[in-house]
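Inspection log for the structure reproduced underneath, given as structure tokens.
The values are calculated or read from the model by the stated rules, or taken from the named source; none is laboratory data. Note that the coordinates shown come from a computational prediction; the quantities given were computed from them, not determined experimentally. Here the Cβ is made from the backbone with ideal geometry for all residues, glycine too, and neighbour counts use every protein chain on show. Quick note on the areas: whole protein, heavy atoms, side chains included, nothing else; ligands and nucleic acids left out. Shrake-Rupley method; radii C 1.70, N 1.55, O 1.52, S 1.80 Å.
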Amino acid sequence: MDTLSHLAHGFAVAFTPTNLLWCLVGTTLGTAIGVLPGLGPALTIALLLPITYQVAPEASFILFAGIYYGAMYGGSTTSILLNTPGESATIVTALEGNRMARSGRGGAALATSAIGSFVAGTLGTLGVAFLAPTVVKYALKFGPAEYFSLMVLAFITVSAVLGSSSVRGLTSLFAGFVVGMIGVDLQTGQPRFTFGTAELLDGVDVIIVAVGLFAVGETLYMASRRYAGIVPLKGSLYMTAAEWARSWKPWLRGAAIGFPIGAMPAGGAEIPTFLSYAIEKKLSKHKDEFGTVGAIEGVAGPEAANNASAAGVLVPMLTLGLPTSATAAIMLSAFQSYGINPGPLLLTTQANLVWGLIASLFIANVILVVLNLPLIGLWVRLLKIPAPQLYAGILVFATVGTYGISQSPIDLAILYLLGAAGFLMRRFDFPTAPVIIGMILGPLAETQFRRAMTIENGDWTVFFRHPLSLTLLTLAFIGLVGPHIWAWIEHRRRRGPEHVPGDA
């Protein structure tokens, strides 16, 4: 009942004319951005972060949430029509969706994607509303040692999940640590990594890092690539009764898979989408359509898992302050720009903001399904924007927005240095999201570590004497070495017993 009353209060906040307008702008912009190849919610939110200095927190986060959900909807359009996943989460959608489009069923693929996103997004948002207060009850039991151990677990798991290898992920994470340490040490008052530059004494603004890595770096990378031609839509833009019957169970299964995995500290959207695809392929009665003409179950399930996991990602971000995706990391930086630290107390200290945000997600889902189904033709036309104009516009907005933060030429120099670094990271397959995560959580982990050591008079065994802390560190260790041990076992198993000289 408490959750329902909080949710009712959230709808009162979200239904104000100003916030409704921001929700509409966010969902429309997010869908448009999601449709454009290579652009996603992380880049868009990073590009719009400077507006957090101009508008109220509730309006800002309702806008960002609308962009987040909208881009998840729109990303399927590029995957289906261009066979070009805008994000790793839509790779699976491209497998069957593009084959459906090429066989004349592109409309049905887009429709099942939009409706499945609505169903899963609504179920996922219900999960956020009812699960977040429960997570908070356990989070309040965390002390400095437990928080440090939890962040170590997040560092290990997120770096492994977001990168093609744990080494690359941890390298990016360490780079984020270094950037986060720039500035004056709050405990000793000593400058760190400032190289005598006065502008760096306050540290590097996380907004500049996010815009540099995602907006500038991603744009430079996408501009260096070429895309295949668009597949023209043929036939009806709506599903037949048979396609409805084949889609509704994958929608529910995808939501059930996506939300809990998205809510885990090692969550994200890649694992549940691939898992959903594998399950649907196994359960389908139309296995011959997979990989040939395109199976609608292979679009419905992964798209539902993708959107449910997007909702699940908000649970650790709001209740524990742990971002488990690039978009969540950038939204966390937006919280910090308002001086708000997500964590167990956020639901009580910022009730208007949190519950207004959750309520706006329900509204965004309704707006999105209304926008997407009738306007599929319009979103397809957006794909015809010439790439040079599109990428040049993004760079102009990134430059103007960054300069508007502090009117400092140093900030612009840092922006483009980080943009070049982001381009090289994408080129050589180093994930950029762990940089933001390391920059935000690194100083917090340092603070919790120092606090725990101060309380225990320098006794470092505190991290192993507390059962919860020990459990978290053990999980982190397993996450770090477990995949390598498993790979070694599999390698030995495939080789079989080695030949011993002299044996027959």
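Scan region 450-460 for residues that are in contact with a helix residue (DSSP H, G or I) (Cβ under 8 Å, 6 or more places away or on another chain) and either farther than 28 Å from residue 192 by Cβ or outside any helix (DSSP H, G or I) (or both) and jot them down. The answer is 456, 459, 460. Checked across region 397-419, the condition of being at pLDDT 80 or above, open to solvent by less than 20 Å² (accessible area, probe 1.4 Å) and within 28 Å of residue 169 (Cβ to Cβ) holds for at least one residue. Whenever a residue of region 50-73 is small (Gly, Ala, Ser), its partners that are at pLDDT below 80 and surrounded by 22 or more Cβ atoms within 10 Å (Cβ to Cβ), lying with C-beta atoms within less than 6 angstrom and at least six residues away or across chains, give the pairs 60/52; 71/33; 71/34; 71/40; 71/41. Are any residues in region 167-194 modelled with pLDDT under 80, over 19 Å from residue 333 (Cβ atoms) and open to solvent by 30 Å² or more (accessible area, probe 1.4 Å), and if so, which ones? Selection gives 167, 187, 188, 189.
Every listed requirement among (1) at pLDDT 85 or above; (2) closer than 15 Å to residue 310 by Cβ; (3) surrounded by 24 or more Cβ atoms within 10 Å (Cβ to Cβ) is met by residue 112 save one, (2).
Out of 136, 152, report the one residue that is at pLDDT 70 or above, surrounded by fewer than 24 Cβ atoms within 10 Å (Cβ to Cβ), out of contact with any Cys (no Cβ under 9 Å at 6 or more places or on another chain) and assigned to a helix (DSSP H, G or I).
Sole residue among the options that is at pLDDT 70 or above, surrounded by fewer than 24 Cβ atoms within 10 Å (Cβ to Cβ), out of contact with any Cys (no Cβ under 9 Å at 6 or more places or on another chain) and assigned to a helix (DSSP H, G or I): 152.
Against the criterion of being part of a helix (DSSP H, G or I) and modelled with pLDDT of 80 or more, residue 159 does not qualify. Look at region 273-288: where a residue is more than 20 Å from residue 311 (Cβ to Cβ) and a partner is surrounded by fewer than 17 Cβ atoms within 10 Å (Cβ to Cβ) and among the basic types (Lys, Arg), sitting 6+ places away or on another chain with Cβ atoms under 7 Å, you get 281/287. A single member of 430, 463 is at pLDDT 80 or above, outside any helix (DSSP H, G or I) and of a type outside the set (S, T, N, Q), and it is 430.
May I ask you to verify whether residue 447 is at pLDDT 85 or above and part of a helix (DSSP H, G or I)? Don't jump to the end; show me each part of the working.
Working: at pLDDT 85 or above: no; part of a helix (DSSP H, G or I): yes.
No: the conditions fail for residue 447.
Under the condition of being modelled with pLDDT of 80 or more and either in contact with a Lys or Arg (Cβ under 6 Å, 6 or more places away or on another chain) or small (Gly, Ala, Ser) (or both), the residues counted in region 72-100 number 1. Candidates 333, 337: the one that is open to solvent by 20 Å² or more (accessible area, probe 1.4 Å), of a type in the set (S, T, N, Q) and modelled with pLDDT under 85 is 337.
Residue-level check: of (1) touching a residue at least 60 places away in the same chain (Cβ under 8 Å); (2) outside any loop (DSSP other than H, G, I, E, B); (3) polar (S, T, N, Q), residue 348 misses just (1). Only one of these is assigned to a helix (DSSP H, G or I), under 21 Å from residue 74 (Cα atoms) and at pLDDT 85 or above: 361, 371. Name it. Result of the check over 361, 371: 361.
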